[in-house]
Structures are given as C-alpha cells and as structure tokens.
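Below is one structure, written out as structure tokens; the observations come after it.
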Amino acid sequence: MNETIDAKGLLCPLPVLRLRKRIRLLATGDVIVLISDDPAAVIDVPHFCSEAGHTLISICEESGAKHFLVRKGA
C-alpha cells in the first residue's frame, strides 16, 4: 500500500474529496487506503471509484471505522 488517508471524524463529502485529491498524485495501479467513520462513505466511495475509473478492492471495518482499499485506474 502506497498511501493512507485518515478521514475519521470528517463528514460527507470531505472523505471522498480527500481521496480524490490524494489519488491524483499516485501512479496508475497504486493502492490507497481511506479510513472513514462517516456512514455515507459506504455509498460515496464506491460511487466515486465507479465514476472516476478506480477499483474498489475491499471494504473492511476495524475499530469502528471502514477501511476502503482503492487501486488507481488509468
């Protein structure tokens, strides 16, 4: 994993905005982890990935926050 974004405590749309900003700096195929406790993130992150051409590898929960593993698309 190349990058981790800790967006705990931030509400929609801030977690996805931080993901969008940081993923631009990565190379195609790089992986980034977004950690968010915002309930809307389970809708927002998959939608963002789908629209932007990135791959949502997995979502898991740890310590009350969701961890979104995203691979940057082309």
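Within region 41-56, can one find any residue that is at pLDDT 95 or above, in contact with an Asp or Glu (Cβ under 8 Å, 6 or more places away or on another chain) and of a type in the set (A, V, I, L, M, F, W, C)? No, because not a single residue in region 41-56 is at pLDDT 95 or above, in contact with an Asp or Glu (Cβ under 8 Å, 6 or more places away or on another chain) and of a type in the set (A, V, I, L, M, F, W, C).
Counting the residues of region 34-44 that are in a helix (DSSP H, G or I) and surrounded by 23 or more Cβ atoms within 10 Å (Cβ to Cβ) gives 1. All of (1) surrounded by fewer than 14 Cβ atoms within 10 Å (Cβ to Cβ); (2) at pLDDT below 95 hold for LEU11 with one exception: (2). In region 16-32, how many are part of a loop (DSSP other than H, G, I, E, B) and exposed (fewer than 14 other Cβ atoms within 10 Å of the Cβ)? Matching residues across region 16-32 total 5. The test for being surrounded by 12 or more Cβ atoms within 10 Å (Cβ to Cβ) and touching a residue at least 12 places away in the same chain (Cβ under 8 Å) holds for THR55.
The values are calculated or read from the model by the stated rules, or taken from the named source; none is laboratory data. In this text the structure is predicted, and so the values were computed from the model without any measurement. Methodologically, a virtual Cβ is constructed for each residue, glycine included, from the backbone with ideal geometry; neighbour enumeration extends over all protein chains shown.
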